[in-house]
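*Asks:* A single structure is presented below for examination.
The values are calculated or read from the model by the stated rules, or taken from the named source; none is laboratory data. Only a predicted model underlies this, so the values are computations on that prediction, with no experimental measurement involved. Cβ: placed from backbone, ideal geometry, glycine included. Neighbour counts: every protein chain shown. Ligands, DNA and RNA are stripped out before the accessible areas are found, and what is left, the full protein with its side chains, is counted by its heavy atoms. Shrake-Rupley method; radii C 1.70, N 1.55, O 1.52, S 1.80 Å.
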Amino acid sequence: MKRKIVSLLIFVLTTVAFADLTLQEAIEGKSNPSIAAPWVEWFVNRPELSYLEMTTFHDMFWSPEFGLRFQRNGTEVQLVGDWVEARRQRDELLELNPNMILIVQIDMRGTDPYHPFLTGLYDGDDFPWVRGENGEQILGSPPEIYTDLLIDFTHPKAQETIVNQAIAVANSGLWDGIFIDYWDETGVILGGYRTFEEEQTARTRILEGIRDAVGDDLLILVNGTWETAARAAPYINGIFIESYRADLPDNYSYESMKWFERNLLEMETHLQEPRINCLKAEGIGSQLPTSPENLQSMRCLTTLSLTHSDGYFLDEPHPHDSTYLDYQGAAYHRNPAYWIIHREQHDTFAHTHSKEYWYDFWDADLGQPVGEKAELYQNRRGLFIREFTNGWAVYNRSGRAHNIKFIEKVSGVESGRQEKYWHEIPDLDGEIYLKIPEVPQSSQKPEPPSVDLNADGVVNILDLIIVANAFGTPGEADINGDGDVNILDLISVAQRLD
């Protein structure tokens with residue numbers, strides 16, 4: 001039940017069935033492409049959807065807080081609030097998408113202690129914040145962007161608080177796992193305040209503390225890359241690669257694609273099962289989401305993710321250029337008229353914001369993977385194909401366009417759904433090819449009964465005479481099959497006279 005507003009029948013069935021899914025079943029049973037929603041925002045191009053419907057388009061979502069908040073009592077951490085309402089909200093999501101994985105963020109590097117979810121967690125002056133020489137609390141760098149207070153996660157009390165939050169999440173039964181931001185084992189994220197060795201030791205202690213307390217049932221997702229999170233592999237289930245064009249050597253071209261491939265394959269091989277790896281890409285901010293370049297990049301990276309992982313994907317083409325530079329995420333609260341224009345004309349004017357765009361390409365229902373990851377098409381370097389239950393994903397970074405031949409007629413999602421064996425795929429692009437569903441014999445429209453009763457090749461007065469002579473009796477002249485030859489059969493023949 002993915003990316004569709006379900007019928008009442010499916011709604012009722014999933015209401016009963018979703019609770020029976022194990023975590024493994026929910027992850028393996030999701031339909032692809034599987035889109036993630038970190039810090040989910042509204043779809044600017046789907047105003048007809050409610051927030052609930054929009055959210056359940058995704059197969060992984062963080063951070064829903066369900067109206068609860070953390071409360072620290074000494075060393076113990078609890079979740080407090082209206083548990084009945086929290087469970088209702090969770091069940092409402094899973095009723096619409098039983099395969100959705102729900103993650104909650106646990107802050108390790110920096111945090112906002114005044115956030116409603118956290119107001120009871122950092123109260124008091126004894127919490128180990130990172131402080132400067134004069135005892136002042138330190139903000140993230142640069143402070144004009146990262147306004148959170150830095151946490152000294154090398155301190156045992158901070159580590160204990162982080163571990164106990166994870167325990168509270170595991171005990172709640174509301175979430176499937178946790179997300180930890182700013183995971184970097186190759187550098188120092190409390191730069192100038194703690195050493196590399198102190199940070200590495202602290203990370204290991206935090207992950208060991210969580211696993212010792214909750215076992216393997218809690219999913220752990222960290223923000224990083226394979227290079228920055230490899231040491232965590234024995235403890236974590238997934239890495240969220242949050243890539244940006246400015247950080248890549250060739251702006252989502254060949255070397256970047258190869259780098260993504262290597263990272264995904266390492267993550268899919270070495271992290272703990274069940275795995276929830278996720279790749280996030282960034283569109284060209286100075287162009288509209290539906291520009292040819294943004295659409296091509298989205299398709300290329302979506303199919304890269306499909307052919308090289310069993311994970312999740314997200315492409316964000318925002319922000320746009322500086323036409324509306326004064327617009328920020330909360331501006332529509334102050335200026336509803338702007339939000340109306342923004343929603344109705346999103347694809348025709350440039351603006352700045354951090355909302356999410358839903359691509360029609362993601363509505364394709366590929367089903368579950370059947371083929372192996374990173375399989376080359378006919379051993380052609382840089383041309384990858386992977387079979388799914390409902391079709392194939394093809395990803396091309398070979399340096400030129402290729403023709404692909406399938407064993408059956410398929411339709412391309414981007415290329416107009418042409419039902420044929422041969423399809424061409426451009427370079428640095430990707431396509432989803434869907435199998436043509438067979439029409440069940442019982443649902444095929446039956447041929448109309450023959451009214452050429454004497455089989456002379458024409459329908460004429462002779463056939464009318466046959467019907468008239470058979471009035472009131474069953475037999476071959478019963479054209480409409482109601483068990484009796486009558487005026488209705490005579491009309492049926494008359495309407496088809498040659």
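*Asks:* Report, in whole Å, the centroid distance computed from the Cα atoms of region 267-301 and region 166-183.
*Replies:* 24 Å
*Asks:* Whole percent per 10 Å bin, from 0 to the bin with the longest distance: what is P(r) over all C-alpha pairs of region 134-222?
*Replies:* Taking every Cα pair in region 134-222, the percentages come to 15, 44, 31, 9, 0.
*Asks:* Given 0.36 nm per residue, what is the gain on full extension from Glu293 to Asn469 after removing their alpha carbon distance, in nm?
*Replies:* Working: separation 176, 0.36 × 176 = 63.36 nm, distance 7.27 nm.
Contour length minus Cα-Cα distance gives 56.1 nm.
*Asks:* Another question, then. What is the sum of charges around Asp216, taking Lys and Arg as +1, Asp and Glu as -1, for the other residues whose C-beta is under 14 Å from the C-beta of Asp216?
*Replies:* Working: positive: Arg211, Arg275; negative: Asp176, Glu208, Asp212, Asp217, Glu273.
Here the count lands on -3.
*Asks:* To continue, here is another question. If R₀ is 56 angstrom, what is the calculated FRET efficiency for the pair Ala455 and Ile407, using the beta carbon separation as r and rounding to 0.05? Show your work: numbers first, answer last.
*Replies:* Details: r = 42 Å, r/R0 = 0.75.
My answer for the efficiency is 0.85.
*Asks:* Expressed as a whole percent, how much of the Cα-Cα distance distribution for region 70-138 exceeds 17 Å? It would help to have the intermediate numbers written out before the result.
*Replies:* Details: 1376 of 2346 pairs.
Every Cα pair in region 70-138 considered, those over 17 Å come to 59 percent.
*Asks:* Could you go through region 237-248 in sequence order and give the Karplus-derived ³J(HN,Hα) for each residue, using 6.51 cos²θ - 1.76 cosθ + 1.60 with θ = phi - 60°, rounded to whole Hz, and x for Gly and Pro?
*Replies:* 9, x, 10, 9, 7, 9, 8, 10, 4, 5, 8, 9
*Asks:* Students often get this wrong: which residues of region 387-404 have the backbone nitrogen under 18 Å from the point 7 angstrom along Cα-to-C-beta of Trp422?
*Replies:* 401-404
*Asks:* Now for a different question. Using alpha-carbon positions, what is the distance between the centroids of region 25-89 and region 354-407, in Å?
*Replies:* 29 Å
*Asks:* With contacts defined as alpha carbon pairs under 8 Å and 6 or more residues apart, what's the relative contact order of region 121-211 in percent?
*Replies:* Values: 76 pairs, mean separation 23.0, N = 91.
Value for region 121-211: 25 percent.
*Asks:* From the cross-link list Lys258/Lys409; Lys258/Lys373; Lys258/Lys435; Lys373/Lys409; Lys258/Lys280, which pairs have alpha carbons spaced over 20 Å apart?
*Replies:* With Cα atoms farther than 20 Å apart: Lys258/Lys409; Lys258/Lys435; Lys373/Lys409.
*Asks:* Moving on to the next point. Rounded to the nearest percent, how much of the accessible area of region 49-101 (1.4 Å probe, protein heavy atoms only) is carbon and sulfur? Each step should come with its number before you reach the end.
*Replies:* Working: 950 of 2060 Å².
About 46 percent, which is the carbon plus sulfur part of the accessible surface.
*Asks:* Right, here's the next one. What is the sum of charges, Lys and Arg at +1 and Asp and Glu at -1, for the other residues whose Cβ falls under 13 Å from the Cβ of Leu383?
*Replies:* Local charge sum for Leu383: 0.
*Asks:* For region 129-217, with every protein chain kept in place, what is the accessible area per residue (1.4 Å probe, Å²)? Before the final figure, lay out the partial values.
*Replies:* Values: 4110 Å² over 89 residues.
With all protein chains present, region 129-217 gives 46 Å² per residue.
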